[in-house]
Structure formats: C-alpha cells, structure tokens
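Heads up: the structure comes next, in structure tokens.
The values are calculated or read from the model by the stated rules, or taken from the named source; none is laboratory data. Since the structure is predicted, the reported quantities are computational estimates derived from the model, not experimental observations. Here the Cβ is made from the backbone with ideal geometry for all residues, glycine too, and neighbour counts use every protein chain on show. The area values use the complete protein model at the heavy-atom level, side chains included, leaving out ligands, DNA and RNA. Shrake-Rupley method; radii C 1.70, N 1.55, O 1.52, S 1.80 Å.
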Amino acid sequence: MSASAIEPVSFTLYSKDFDRFARELGASFERYGFAVLADYDLPQDRIDAAVDDAKAFFALPVETKKQYAGVKGGARGYIPFGVETAKGATHHDLKEFWHMGRDLPPGHRFRATMADNVWPAEIPAFKHDVSWLYNALDGMGGKVLEAIATYLKLDRDFFKPTVENGNSVLRLLHYPPIPQDATGVRAGAHGDINTITLLLGAEEGGLELQDRNGEWLPINPPPGCIVVNIGDMLERLTNHVLPSTIHRVQNPPPERRGVPRYSTPFFLHFASDYEIKTLPSTVTAENPDRYPDSITADEFLQQRLREIKLA
C-alpha cells in the first residue's frame, strides 16, 4: 500500500488546541478538499464489530440480500451490484453496499424525504453495531464542522442547526475480488454530493484524489485514521473556497486482485430544507458568487441522485 499524500492532523488537538486544529484541518481542506484525522477517540473494537457485521451480510446468498433492496432512492437497505454509476461513466462501479440513515419519530417533517431503516434479520447484532457506528461518525462530523466554521471565521456552532436531523447516510461497502477481464473500476471518478464525508481507513488501498494539476494522489491512511473530504453541497455554500475534489477507488494491482475491499463512508448531509446560499464572506472581487440562485439540500440531493442512477 502506497503512502498517503496528506499529512494527518491529530484529533487530540480538538481539546488541547482547538484553534490549531481548525487551522490545520481548514488548510488541508482548502488545499486538497481532503484531510486525514489521526488519533480519533472511537473504540476500535466497536468499529470492528460493525465492519464484521457488514462482512457477514455481504457473504449471504444473493437472493437473501435482495430481500432488503428497492427502498426508495437507494437511501436505505441493500443496493446490489450494477446499480451505482459515476456521473458520465460508461460502466457501473464494481461494488455492492448497504445504507443506514437517520431514524425519525412519527410525524416528523422530514419523513417525506427520509425513509425508515430496514435491518437484516440474518445478522442479529447488525442494528445495534451499525447504529452505534452511524452515531459515532455523526458526532465526529459535528466536531469537524466546528473546525471548518472557525476556519471560515464563522461562529464555531454555525453548522450545528444546519445539520440537525440532516439526511446523513452511513454506507457499508463491499468491493469483491476483481477478475482479470473486469470492465470498469471499483469506484469511478466522482465528487461526493453531501456536506462532508468521513471514511475510516480501509484494509485495502485504492483511494485516490485528483490534485489541481490533474495528478492522482493516493489517500491510504494508516489504522486509527479517518479521511474527511468536502462534498459538493459545502463547496457550493463556500463558493469553492473549500473544494469538493474528484476522487476514485482504483482496481488493485494483480497480486491483490483476489482480495476484497470493505469501507464505511459516512455521508454527512444538511437538513433537507436547509437553503444552500453562498456565504457572503466567501464572495470577493477575485471569487465572485458562482451560485446567485439558492437551492435546498433535498432539491440538490435529488438532482444528483438521478445523475448517478440512485433515484
């Protein structure tokens, strides 16, 4: 596995020196659209339990897995092989995945845009373990947003109400072994739709980002790290001051083709009715407002889901 191109920022700075934490994270986001967080405080055994449950689910027979497919918008339950296709790509991605979203109480105003979760009866601990991971990454994402707000010279809690009951999704991903004659790649070049994405270090490499000069840089964090990247919604809100960088998951070299890859991206979203309107502080003579018309988070999401064949 090649080294990561991005210098990690220690999460211990969040409590020891928050201003430095915000400065280092923000600088990485502004330069790359990505940052790597080291020394996070999430218990590894609980992360491992959720990943093991995901592996157990993906090992089930295809017909069993397909019982949990078909939830509206692909935002809950199982999404089989051959569905998601990167915008503009000819071939679909070589992956299957599971989605968990936020649980809402009866009568909540967002229930029209956020479906109920489904759970695989075959894996008894799945709901408990995966729900814990969802909530842990949601909490971590909130702390990263505090740093981003501070870097942008906004109130530290600026993003807190914008993501309250946000349409965030945890994706459990399985990239199977790659046959020699495979068409397509594990994940085609794309930008994320959402606000920020948090990704725990995968056991197998392959994640790359496209730098400003078009060069592809490896992002392979060591164990105990989380990769965080800016999504299209936040890029739009910040008038591209924080870029949503194109990235991909490359197919492995021949000696690793027989090894599956698992990863767990958490797509943190704004609340469905949040109005994405360019932050005035990001508009300058050199960087005029690229988005004079605002759009709600859900309108933006639905538009993009159609483009990648998930709606």
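Some notes on this structure:
- Candidate set: the range 167-185, residues that are small (Gly, Ala, Ser) and at pLDDT below 90; chosen: the one nearest to Arg111 (Cα to Cα): Gly184
- Residue within the range 66-76 that is in a helix (DSSP H, G or I), at negative phi, at pLDDT 95 or above and out of contact with any strand residue (DSSP E or B) (no Cβ under 9 Å at 6 or more places or on another chain) present: no
- The range 2-26, residues that are free of Cβ contacts under 8 Å to residues at least 12 places away in the same chain and either in contact with an Asp or Glu (Cβ under 8 Å, 6 or more places away or on another chain) or closer than 23 Å to Thr245 by Cα (or both): Leu13
- Any hit, the range 132-140, residues being among the hydrophobic types (A, V, I, L, M, F, W, C), in a helix (DSSP H, G or I), open to solvent by 40 Å² or more (accessible area, probe 1.4 Å) and under 23 Å from Tyr78 (Cβ atoms): yes
- Test: residue in the range 77-88 that is at pLDDT below 90, over 25 Å from Gly206 (Cβ atoms) and assigned to a loop (DSSP other than H, G, I, E, B): no
- Picking from residues in the range 248-266 that are in a strand (DSSP E or B) and surrounded by fewer than 24 Cβ atoms within 10 Å (Cβ to Cβ), the one that is modelled with the highest pLDDT is Pro265.
- Scanning the range 281-311 for residues that are open to solvent by less than 40 Å² (accessible area, probe 1.4 Å), closer than 23 Å to Val163 by Cβ and in a loop (DSSP other than H, G, I, E, B) turns up Ile308, Leu310.
- Scanning the range 145-164 for residues that are closer than 28 Å to Trp119 by Cβ and either touching an Asp or Glu at 6+ places or on another chain (Cβ under 6 Å) or open to solvent by less than 40 Å² (accessible area, probe 1.4 Å) (or both) yields one hit, Val163.
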